[in-house]
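For reference, the structure discussed in these notes is given below.
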Amino acid sequence: MSFTDGELTDHVRHLVRNQGPQTTQVWAQVRTNAVLAGRVRGTLSILRAQTRDSRDAAMWTAWISKAQQELSTPPPAPVVAPAPVVEEPVVEPEPAPVAEKKPAVEPPSAMESTLQFSLPDAPSRQQKPTSSAPAVMFQAPGQ
């Protein structure tokens, strides 16, 4: 962990350039150590400045941005398995005899005959107010 600035820059340059599942694991390990993560962020800023005027500046910017994003994302929360739920058997009480009652709700056919809807006139049927201004006529140039 005690890299010189040059060694750290070389290692970070190699990791940034060679993206893959192994580098994701390395960034996760670096993220756990606050001091090392700070040094790597500084090194990423230096790399961005060094590659700004190169012909591959766009690719380096994308790679460095991805590395910075992986360093700044928090680790995923540990998955906790839910505790098993023990269900007790439900004892159903014996139903009491129910006298047959007349339904409180009318059947649908009876309700339809009592409901009447009235719709307001549609806007297209209403008379539009007349304007005192004359209609505008557009003509093509030269006519």
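By the count of neighbouring beta-carbon atoms within 10 Å, fewest first, Glu7, Glu94, Glu70 end up ordered Glu94, Glu7, Glu70. Between Ala57 and Val26, what FRET efficiency follows from the Cβ-Cβ distance if R0 is 35 Å, with the result rounded to 0.05? It comes out at approximately 0.90.
What's the exposure ranking of Leu47, Leu36, going from fewest to most Cβ atoms within 10 Å?
On the way: Leu47 20, Leu36 16.
Exposure proxy ranking, most exposed first: Leu36, Leu47.
Here the spin labels are modelled as points 7 Å beyond Cα on the Cα-Cβ line, and at Thr130 and Glu70 they lie 7.8 nm apart.
Within region 5-72, the proportion of C-alpha pairs whose separation exceeds 13 Å stands at 60%. For Thr4, Thr130, Thr24, the sequence from fewest to most other C-beta atoms within 10 Å is Thr130, Thr4, Thr24.
Bear in mind that the values in this text are calculations on the coordinates, not laboratory data. Here the structure is a predicted model, which means the values were calculated and not measured. Note that we place each Cβ from the backbone using ideal geometry, even for glycine, and neighbour counts take in every protein chain shown.
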